[in-house]
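Engineer: Before anything else, here's the structure in question.
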Amino acid sequence: MINTTRPARVVFTLRIAGKPGTAGIHALKFLLKRLLRQHGFVALDVREETEPERITYTQIFVSFAATCSKGARRAIHRTPMKRTHDHE
């Protein structure tokens, strides 16, 4: 019997970021055209993402404290933080 199924293609995932101030969409189009013409790669999915904002511990604590009851906040301030050392 002849096998009529095609072998599965290998799909690579690549995430790239442009340098600040570059015309990102134009550079991306150029890159995708070049990958197709010179190397035979076809873009299957292209998405634009925004880089997540970095959150500081202070922002986390303030947000947490705003959602706690007054009694819980007093307990947090009275409880000293324990320091753990992994390499003792």
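Computed from the coordinates by the stated procedures, all read-outs in this text should not be read as laboratory data. Bear in mind that the values here come from a model prediction, so they are computed numbers and not experimental data. Glycine gets a Cβ as well: all are built from the backbone with ideal geometry, and neighbour counts include every protein chain shown.
Engineer: Just give me the residues in the range 41-65 being farther than 26 Å from Leu28 by Cα and of a type outside the set (A, V, I, L, M), in sequence order.
Structural biologist: Those that are farther than 26 Å from Leu28 by Cα and of a type outside the set (A, V, I, L, M): Thr56, Tyr57, Thr58, Gln59, Phe61, Ser63, Phe64.
Engineer: Here's a follow-up. If I filter the range 8-54 down to residues being of a type in the set (S, T, N, Q) and over 20 Å from the mean Cα position of the chain (by Cα), which single residue comes out as surrounded by the most Cβ atoms within 10 Å (Cβ to Cβ)?
Structural biologist: Among those residues, the one meeting the criterion is Thr22.
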